[in-house]
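Step one of this worksheet: look at the structure below.
Taken together, the values in this text are just the output of simple stated rules run on the coordinates, not laboratory data. Because the structure is predicted, anything quoted here is derived from the model rather than measured. Virtual Cβ from ideal backbone geometry, glycine too; neighbours counted across all protein chains shown.
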Amino acid sequence: MSQPILSIKNLVKTYPNGVQALKGVSFDVKKGEFLVIIGLSGSGKSTLLRCVNRLHDPTSGQIIFEGKDVAQVQGEEIRGLRKHIGMIFQHFNLIPRHSVISNVLMGRLGFMGSFKSIFGFFSQEDKDNAMKYLKLVGISEKAKIRADQLSGGQQQRVAIARALTQGPSILLADEPVASLDPATCHTVMDYLKKVNQELGITVICNLHFLSLVRQYATRVIALKGGQIVYEGNPHDITDEWFEKIYGQGAKEVHIN
Ligand code: ADP
């Protein structure tokens with residue numbers, strides 16, 4: 001059997017204020033999966049993704065990414081790690097006054113020397129790739145427009161294109177549709193699915209709504225209080241499991 005692309009072993013994260021956000025989380029991710037992580041607000045989903053690309057430092061445990069334990073790497077090695085991991089966020093994190101294309105090119109900054117990056121000397125290849133990924137997310141005609149002139153869904157597609165210019169082997173998406181209306185949710189999720197299926201990029205995505213999970217995930221993990229309470233096929237989540245994950249009396253909300 002092939003090695004997992006990511007293997008998390010007994011991951012613990014305790015914040016300096018004493019909050020134990022992850023209490024020994026272990027799971028593997030196979031190459032090409034579309035893994036969705038669900039759970040109530042505060043269950044540790046965001047902390048988990050942020051430990052993987054080392055926006056947060058894990059307290060203990062292992063994060064084996066492409067065969068290497070990245071839980072304890074420091075300095076330059078963290079920057080090296082982030083080149084291979086794309087990330088998108090709930091609030092898109094674009095530079096509002098910059099054009100769409102220059103936002104997308106930001107994904108290349110980590111690969112350039114400091115002189116070229118300060119003056120924005122991108123190669124023709126970088127520019128061609130940026131346009132290619134804007135086309136992939138169906139937004140190339142907006143390349144010259146300022147990012148803050150776009151709708152939320154369009155901004156998230158720009159963020160996906162920016163992540164792709166890194167040439168990542170894995171894409172982490174932290175509540176990527178939480179700020180969007182239901183129709184736009186599907187558009188953005190459809191592009192993430194396209195990235196997963198056409199480019200073969202492994203996706204790990206935090207999501208709130210179970211109906212979206214059923215539609216897009218190849219596998220699901222549910223967190224509760226910093227621990228895994230469910231791992232398996234999204235279609236196997238019964239009402240009983242739903243109550244275990246979200247608490248008694250919780251009702252499933254459908255996004256149509
Ligand atoms: P989720 O993404 O599922 O909403 P989070 O990972 O954001 O959950 O939060 C998990 C727990 O860690 C929560 O109790 C939250 O308040 C706490 N937490 C998150 N970030 C920090 C931080 N920077 N400092 C202290 N506590 C934090």
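Here are some pairs, K83/K193; K23/K132; K144/K194; K13/K132; K83/K142; which of them have Cα atoms lying more than 32 Å apart in this structure?
Details: K83/K193 21 Å; K23/K132 41 Å; K144/K194 24 Å; K13/K132 38 Å; K83/K142 26 Å.
Long pairs (Cα-Cα over 32 Å): K23/K132; K13/K132.
A straight chain from E66 to E198 at 0.36 nm per residue would run longer than the Cα-Cα distance by 45.5 nm.
For E243 and R79, what does the FRET efficiency come to when R0 = 41 Å and r is the distance between their Cβ atoms, rounded to the nearest 0.05?
0.45
Taking other C-beta atoms within 10 Å as the exposure proxy, F122, F65 rank F122, F65 from fewest upward. Taking 7 Å steps out from each Cα toward its Cβ at Q3 and I145 produces label points 4.4 nm apart. Coupling constants for segment 28-42 follow from the phi torsions by the Karplus curve (6.51 cos²θ - 1.76 cosθ + 1.60, θ = phi - 60°), and in residue order they are 10, 10, 8, 4, x, 6, 10, 8, 10, 10, 10, x, 4, 4, x Hz; glycine and proline get x. Neighbour counting of Cβ atoms within 10 Å sorts the residues F209, F34, F121, fewest neighbours leading, into F121, F209, F34. For segment 17-64, trypsin sites (Lys or Arg not before Pro) are listed when DSSP marks them as loop and at most 16 other Cβ atoms sit within 10 Å of their Cβ; the list is K30, K31. The distance from the alpha carbon centre of segment 182-251 to that of segment 30-82 is 18 Å, rounded to a whole number. A Cβ-based charge dipole, computed about the Cα centre of the chain with Lys and Arg at +1 and Asp and Glu at -1, lands at about 640 debye. Applying D = kT/(6 pi eta Rh) to segment 91-167, where Rh is the Kirkwood radius over alpha-carbon pairs, T corresponds to 25 °C and eta to 0.890 mPa s, the Stokes-Einstein value obtained is 203 µm²/s. Report the one residue of P168, I8, V220 whose Cα lies farthest in the direction of the positive end of the charge dipole of the chain (charges on C-beta: Lys and Arg +1, Asp and Glu -1; origin at the Cα centre). Positive-end residue among those listed: P168.
In square nanometres and to one decimal, what's the mean projected area of the convex hull around the Cα atoms of segment 1-132? Spell out each step's value before the answer.
Values: hull surface 41.5 nm².
So the mean shadow area of the Cα hull is 10.4 nm².
Extension gain, F121-V12: 0.36 nm per intervening residue step, less the Cα-Cα distance, totals 35.2 nm.
Label-to-label distance, D181 versus S41, with points set 7 angstrom from Cα along the beta-carbon direction: 2.2 nm. Going by neighbour counts of Cβ atoms within 10 Å, the residues M87, M106 line up, fewest first, as M106, M87.
Computed over Cα pairs, the Kirkwood radius of the chain leads via Stokes-Einstein (1.306 mPa s, 10 °C) to a diffusion coefficient of 84 µm² per second.
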